[in-house]
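Peer 1: Starting off with a structure, shown below.
The values are calculated or read from the model by the stated rules, or taken from the named source; none is laboratory data. Keep in mind it's a predicted model, so treat the numbers as computed, not measured. As a convention, Cβ positions derive from the backbone with ideal geometry for all residues, glycine included, and neighbour counts pool all protein chains shown. The accessibility values were calculated without ligands, DNA or RNA, using every heavy atom of the protein model including side chains. Shrake-Rupley method; radii C 1.70, N 1.55, O 1.52, S 1.80 Å.
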Amino acid sequence: MTLAVDAAMPFALTGAHHLLRESVRELAERHIAPRAADIDENEEYPEDIFGLMKDQGLLGVYLPEEYGGAGMGVLGACIAIEEIARVCSNSPLFLSVFLLATRPVVIAGSGEQKQRLLSGVASGELRGSFSTTEPHAGSDIAAMRTRATLEGGEWVINGQKSFCTGSPRADFIVLAAKTDPGAGVRGISLFIIPRDAPGLAIGPP
């Protein structure tokens, strides 16, 4: 099979992007690189790295400015993730997982959900997680068994997920469930599950 590659990139880095890359690289090399081995060896949740990224305003680098973010979009997040991942494979998950958890809210959330959740993540007051993977199906979302049914005006969700990164510390989880099993992947909906939702159990790492 032959792949054709278009040499013209569909985007260009702005001055702000270059500045972001330089500042995150310096931050990562100075503060995160010295911690990387310990984080791996101790299988540690790096609370100090979360605090560092919170203090530097990086948690909302991709979120709209109206919700306290830097407004640099997904490209900005990719730049920051890449620079942190150069020195540590765990620490950039604060950005990538939070991006996964907030992107559906940006696209389809209500005004109240955006104000509460996006602002909370940008400020570091809230942490999100994203859940699609299931024990029997892996990341084949078409084979998921988790179901959501509307009963008496409330959604009732039944199922089991796995590899839900960051869920033990998350304040909310954006979770995929089938609401119309006969419609295949088009019958899947995303739900915002608060950490204290009745019936929610988070197992050990």
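Peer 1: Compute the relative contact order of segment 83-165 as a whole-number percentage, counting only Cα pairs closer than 8 Å that sit 6 or more residues apart in sequence. Let's see the in-between values first.
Peer 2: Values: 82 pairs, mean separation 19.3, N = 83.
The normalised contact order for segment 83-165 reaches 23 percent.
Peer 1: Which value, in Å² and to the nearest 10, is the accessible area of Arg21 when all protein chains are kept and the probe is 1.4 Å?
Peer 2: Taking all protein chains as shown, Arg21 has close to 80 Å².
Peer 1: Right, another one. Quick one: dipole size for segment 16-94, taken about the Cα centre, charges +1 on Lys/Arg Cβ and -1 on Asp/Glu Cβ, in debye to the nearest 20.
Peer 2: For segment 16-94, the charge dipole is close to 300 debye.
Peer 1: Moving on to the next point. Express in Å², to the nearest 10, the accessible area of Val156 obtained by rolling a 1.4 Å probe over the protein heavy atoms while all chains stay in place.
Peer 2: Surface open to solvent at Val156 totals about 50 Å².
Peer 1: Would you work out what percent of the accessible area of segment 99-205, with all protein chains in place, is carbon or sulfur (probe 1.4 Å)?
Peer 2: C and S atoms contribute 53 percent here.
Peer 1: Quickly work out the Val74-to-Asp171 label distance, labels modelled 7 Å from Cα along the C-beta direction, and quote it in nm with one decimal.
Peer 2: 2.5
Peer 1: About the Cα centre of segment 1-147, how large is the charge dipole given +1 on each Lys and Arg Cβ and -1 on each Asp and Glu Cβ? Please answer in debye to the nearest 20.
Peer 2: Using only the charged Cβ atoms, the result is roughly 500 debye.
Peer 1: Ok, one more. How large is the accessible surface per residue of the chain, computed with a 1.4 Å probe and reported in Å² as a whole number?
Peer 2: That works out to 57 Å² for each residue.
Peer 1: Given the protein chains as shown and a 1.4 Å probe, how many square angstrom of Arg103 are accessible, to the nearest 10?
Peer 2: For Arg103, the solvent-accessible surface is approximately 110 Å².
Peer 1: If you build a Gaussian network model of the chain, linking Cα atoms that sit under 10 Å apart, which residue out of Glu151, Glu22, Glu47 swings the most?
Peer 2: For the chain, modelled as a Gaussian network with Cα springs under 10 Å, the answer is Glu151.
Peer 1: For the Cα atoms of the chain, what angle does the longest principal axis make with the long axis of helix 73-85, in degrees from 0 to 90, nearest 10?
Peer 2: The angle comes out at about 70 degrees.
Peer 1: Let me ask something else about it. Given contacts defined as C-alpha pairs under 8 Å and at least six residues apart, what's the relative contact order of segment 1-119, whole-number percent?
Peer 2: 24
Peer 1: Compute the helix-to-body angle for 15-27: its Cα long axis versus the longest principal axis of the chain, expressed 0 to 90° and rounded to tens.
Peer 2: For 15-27 against the chain, the angle is about 90 degrees.
Peer 1: What dipole magnitude, in Debye to the nearest 20, does segment 125-205 give about its Cα centre under +1 on Lys/Arg Cβ and -1 on Asp/Glu Cβ?
Peer 2: Here the size comes out at about 180 debye.
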